[in-house]
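In what follows, a single structure is set out as structure tokens and then discussed.
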Amino acid sequence: MEYMVHLFNAGGAVMYPLIFFMLGSWTIMFERVRAYRKIQDEISTLKVCIQNVNRDWSQLVFKIHQEDAELLVFIDSIVESTYNLEGLENRLHDVVAYMDGRLKRGLHWLNMMVTMAPLLGLLGTVVGMIRSFAAVGSDIGAPTVITGGVSEALIATGTGLTVAIIALAFYSWCSAKVNDHIAALEQNLGSIIDIYNRSQMK
């Protein structure tokens, strides 16, 4: 623990925002994991509703109305007010946009951390090297100051890269989840359109 504190102090002022980025990326990750599990359950519930109505539109509307999941409440207001196929298709596009917003919530912060963390590490490198070169003209304690400046530069760079790599891994995983859930949602919404279209042809 003392060694970690020593590294933190040796890294310079840029260590404070880098540690903040590290904690922020983990916080976003845990929140997104919970959110994606909830959204997956909602999409699964919608799929079950669609499968259990035997392609009957009135039954589908009734089944969706019985559910209190956030996604199905949103869809419920659409299917109950549907009056033609074109209107249904347009409104279901709103469902995709709504879910896209839920899925991507907070990801812009992760993207920002991926970009800024290496830059902060580079800033720490520059500051540390400036200290080292400034010490070259000093008569007393120059070797010690030079070593300290180089150490600060390397620690800041390493920390910045570590934070960026972790945030990038989180961001890539979240992006994959977004694509998977949107694809599953669009498949279910397509089934809703098919059921409505069949009901109009009877």
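The values are calculated or read from the model by the stated rules, or taken from the named source; none is laboratory data. None of the values given here were measured: they were computed from a predicted structure. Cβ sites come from the backbone with ideal geometry, for glycine too, and all protein chains shown count toward neighbours.
The test for being at pLDDT below 90 and either over 20 Å from the mean Cα position of the chain (by Cα) or not in a helix (DSSP H, G or I) (or both) does not hold for residue 48. What pairs come up if the first residue lies in segment 108-129 and is free of Cβ contacts under 8 Å to residues at least 60 places away in the same chain and under 15 Å from residue 13 (Cα atoms), the second is surrounded by 21 or more Cβ atoms within 10 Å (Cβ to Cβ) and hydrophobic (A, V, I, L, M, F, W, C), and their beta carbons are under 6 Å apart, counting only those six or more places apart or on different chains? Listed pairs, sorted by first residue: 118/164; 125/153; 125/156; 129/153.
Looking for something of a type in the set (Ser, Thr, Tyr), assigned to a helix (DSSP H, G or I) and touching a helix residue (DSSP H, G or I) at 6+ places or on another chain (Cβ under 6 Å) - is there at least one such residue anywhere in segment 170-182? Scanning segment 170-182, I find at least one residue that is of a type in the set (Ser, Thr, Tyr), assigned to a helix (DSSP H, G or I) and touching a helix residue (DSSP H, G or I) at 6+ places or on another chain (Cβ under 6 Å), so the answer is yes. There is at least one residue in segment 106-126 that is modelled with pLDDT of 85 or more, under 15 Å from the mean Cα position of the chain (by Cα) and not in a helix (DSSP H, G or I).
Scanning segment 160-202 for residues that are among the acidic types (Asp, Glu) and more than 17 Å from the chain's Cα centre (by Cα), we see that the one that is farthest from residue 19 (Cα to Cα) is 194. For segment 31-45, how many residues meet the condition of being surrounded by 16 or more Cβ atoms within 10 Å (Cβ to Cβ) and either out of contact with any Lys or Arg (no Cβ under 8 Å at 6 or more places or on another chain) or assigned to a loop (DSSP other than H, G, I, E, B) (or both)? Within segment 31-45, residues that are surrounded by 16 or more Cβ atoms within 10 Å (Cβ to Cβ) and either out of contact with any Lys or Arg (no Cβ under 8 Å at 6 or more places or on another chain) or assigned to a loop (DSSP other than H, G, I, E, B) (or both) number 3. Contact map, segment 181-202: first residue under 17 Å from residue 91 (Cα atoms), second residue at pLDDT below 90 and basic (Lys, Arg), Cβ cut-off under 8 Å, separation 6 or more or different chains; pairs are 194/55; 195/55. With respect to the stated conditions, residue 58 is farther than 19 Å from residue 190 by Cβ and exposed (fewer than 12 other Cβ atoms within 10 Å of the Cβ). Considering only residues in segment 1-30 that are at pLDDT 85 or above and among the aromatic types (Phe, Trp, Tyr), the one that is surrounded by the most Cβ atoms within 10 Å (Cβ to Cβ) turns out to be 21. Quick check on my filter: what residues within segment 154-187 are of a type in the set (A, V, I, L, M) and surrounded by fewer than 21 Cβ atoms within 10 Å (Cβ to Cβ)? Scanning segment 154-187 gives 154, 161, 165, 166, 168, 169, 176, 178, 182, 183, 184. State whether the residues of segment 105-120 include one that is among the basic types (Lys, Arg) and surrounded by 17 or more Cβ atoms within 10 Å (Cβ to Cβ). No: zero hits. When the residues of segment 68-83 are filtered to those that are modelled with pLDDT of 85 or more and assigned to a loop (DSSP other than H, G, I, E, B), the one that is surrounded by the most Cβ atoms within 10 Å (Cβ to Cβ) is 69.
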